[in-house]
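Undergrad: Before anything else, here's the structure in question.
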Amino acid sequence: MTSKLEDYKVNIRIKLSAIWTAIMFCYIYGDYFELYVPKKVEGLLSGQNMLDSPMKLLLATFILAIPALMIFLSLVLSTKFTKWLNIAVGVFFTLFTALVGISSLTEWRAFYVLLAVIESILTATVVVMAWTWPKVKVA
C-alpha cells in the first residue's frame, strides 16, 4: 500500500504574508551582518554613516517599515486593494533591492549582494503572485 503526503491549498494572502516575512528576515540579517564589515561600528559610533541626520533616519525607517506592514496588510485589506498594493510595493522593492545589490559590489559586502538577489527574487515573486491572484467563478 502506498501513501501520499497530505497537502492543503494555502490561501494567497498567507503566501504573500509569508514572503514578506522572509523578505524582512533578509533585511534584518543584512543589517546585522553589515556590523561585521570593517569600520562599520566605528562609523555608527562617530555618526559618520549614511543615516547621519534625523531626516535620513526617518526616511529609512519609513521605507523599511513598509515590508513589515505588508506582512499584516496582506492578510487584512480588501482583496482588490491587497492585490494592487502588493504589486506596487513589490515592484518598488524589487527595484530598490536590486539597486542596493548593484551598489554593494565590494568584497566585504558580497553577503549584501546575495541577500539583495534573494530579496529581489522574493519581491518579484510577490508581484507575480499578486498579478495572477486566483479568481473564483461567480454564478
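The values are calculated or read from the model by the stated rules, or taken from the named source; none is laboratory data. Worth saying up front: this structure is predicted, and the values here are computed from it rather than measured. Glycine also receives a Cβ, built like all others from the backbone with ideal geometry; neighbour counts cover every protein chain displayed. Accessible surface is based on the protein model in full, side chains and every heavy atom, while ligands, DNA and RNA are left aside. Shrake-Rupley method; radii C 1.70, N 1.55, O 1.52, S 1.80 Å.
Undergrad: Name the one entry in F62, F93, F111 that is touching a residue at least 24 places away in the same chain (Cβ under 8 Å) and surrounded by fewer than 17 Cβ atoms within 10 Å (Cβ to Cβ).
TA: So the residue among F62, F93, F111 that is touching a residue at least 24 places away in the same chain (Cβ under 8 Å) and surrounded by fewer than 17 Cβ atoms within 10 Å (Cβ to Cβ) is F111.
Undergrad: Test S53 against the criterion of being open to solvent by less than 50 Å² (accessible area, probe 1.4 Å), of a type in the set (S, T, Y) and closer than 19 Å to F25 by Cβ, and give yes or no. So that I can check it myself, show each step before the final result.
TA: Values: open to solvent by less than 50 Å² (accessible area, probe 1.4 Å): yes; of a type in the set (S, T, Y): yes; closer than 19 Å to F25 by Cβ: no.
When the stated conditions are applied, S53 does not pass them.
Undergrad: Determine the pairs where a residue that is β-branched (V, I, T), located within the range 5-21, has a partner that is part of a loop (DSSP other than H, G, I, E, B) and open to solvent by less than 90 Å² (accessible area, probe 1.4 Å) with Cβ atoms under 8 Å apart, the partner being 6 or more residues away or on another chain.
TA: Sorted first by the residue in the range 5-21, then by its partner, the pairs are I12/W133; I12/P134.
Undergrad: Working only within the range 98-108, note down all residues that are open to solvent by less than 60 Å² (accessible area, probe 1.4 Å) and modelled with pLDDT of 95 or more.
TA: Across the range 98-108, the qualifying residue is only A98.
Undergrad: Right, here's the next one. Of all residues in the range 82-131, count the ones that are more than 20 Å from I12 (Cα to Cα), β-branched (V, I, T) and either more than 10 Å from the chain's Cα centre (by Cα) or not in a helix (DSSP H, G or I) (or both).
TA: 5
Undergrad: Working only within the range 52-101, note down all residues that are within 30 Å of V41 (Cβ to Cβ) and of a type in the set (V, I, T).
TA: T61, I63, I66, I71, T97, V100
Undergrad: Looking at (1) open to solvent by 70 Å² or more (accessible area, probe 1.4 Å); (2) under 23 Å from T106 (Cα atoms); (3) at pLDDT 95 or above, which one does C26 not meet, given that it meets all the others?
TA: Unmet for C26, out of (1) open to solvent by 70 Å² or more (accessible area, probe 1.4 Å); (2) under 23 Å from T106 (Cα atoms); (3) at pLDDT 95 or above: (1).
Undergrad: Here is a further query. Return the residues of the range 87-114 that are within 16 Å of I63 (Cβ to Cβ) and aliphatic (A, V, I, L, M); say none if nothing qualifies.
TA: Selection gives A88, V89, V91, L95, A98, L99, V100.
Undergrad: Right, something else. Can you tell me which residue within the range 122-139, out of those that are surrounded by fewer than 14 Cβ atoms within 10 Å (Cβ to Cβ) and modelled with pLDDT of 95 or more, is farthest from F62 (Cα to Cα)?
TA: The qualifying residue farthest from F62 (Cα to Cα) is T132.
Undergrad: Just one of (1) farther than 30 Å from K135 by Cα; (2) among the basic types (K, R); (3) surrounded by 17 or more Cβ atoms within 10 Å (Cβ to Cβ) trips up K40, so point out which.
TA: Evaluating K40 over (1) farther than 30 Å from K135 by Cα; (2) among the basic types (K, R); (3) surrounded by 17 or more Cβ atoms within 10 Å (Cβ to Cβ) leaves (3) as the failure.
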